[in-house]
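Notes for the one structure printed next.
The values are calculated or read from the model by the stated rules, or taken from the named source; none is laboratory data. These numbers come from a predicted model, not from an experiment. Here the Cβ is made from the backbone with ideal geometry for all residues, glycine too, and neighbour counts use every protein chain on show.
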């Protein structure tokens, strides 16, 4: 099922806004209060460009406790957002190794690729980056230690992470 077929939170819903805000802040008391029985923990934001779930948001902000809370309350670990990215892709993009560990331990698919461009979590670490930070190195190391193949085809053009990085390096 595509992300667009999934439940989207009503744009004007105060309850869902509170859920998404609590996830971004990692405030467990607020998150517990916000997760009303009438809410769908896997709802995507109404914005068709973002379309992230509370789990995507918590993962991107590096809120490990919120990620664990949401998973314990039924959040789907591999739920795609509007762009086909899972919470693991989000955590990798923002170089959040602690969150990546929690997601992988909960069964996240390490090799899952995104929608149009077929990016893996490993690809997402360096996507749109012109320099590599220590946090990104830690994230790459973690993903490789958990079984990612640095030579695996990275995108729909047949590039690998290694060839992509060489291309970026040659332009600098």
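Out of the residues in region 36-52 that are modelled with pLDDT of 90 or more and more than 18 Å from residue 78 (Cα to Cα), state the one that is surrounded by the fewest Cβ atoms within 10 Å (Cβ to Cβ). Step by step, filter region 36-52, then rank; the result is 37.
Any residue in region 147-162 that is modelled with pLDDT of 85 or more, assigned to a helix (DSSP H, G or I) and farther than 24 Å from residue 28 by Cα?
no
Could you list, in sequence order, all residues of region 13-39 that are in a helix (DSSP H, G or I), over 13 Å from residue 69 (Cβ atoms), touching a residue at least 24 places away in the same chain (Cβ under 8 Å) and in contact with a helix residue (DSSP H, G or I) (Cβ under 8 Å, 6 or more places away or on another chain)? Listed by number, the residues that qualify are 15, 20, 24. Of all residues in region 46-64, those that are at positive phi and touching a residue at least 40 places away in the same chain (Cβ under 8 Å) have Cβ atoms under 8 Å from Cβ atoms of residues that are surrounded by fewer than 24 Cβ atoms within 10 Å (Cβ to Cβ) and in a loop (DSSP other than H, G, I, E, B), 6 or more apart or on another chain, in 51/45; 51/82; 51/83. Return the residues of region 106-133 that are modelled with pLDDT of 90 or more and within 19 Å of residue 42 (Cα to Cα); say none if nothing qualifies. 106, 107, 108, 109, 112, listed by residue number. Within the bounds of region 45-52, is there any residue that is in contact with a helix residue (DSSP H, G or I) (Cβ under 6 Å, 6 or more places away or on another chain) and over 20 Å from residue 89 (Cβ atoms)? Within region 45-52 (the criterion being in contact with a helix residue (DSSP H, G or I) (Cβ under 6 Å, 6 or more places away or on another chain) and over 20 Å from residue 89 (Cβ atoms)), the answer is no, since none of the residues qualifies.
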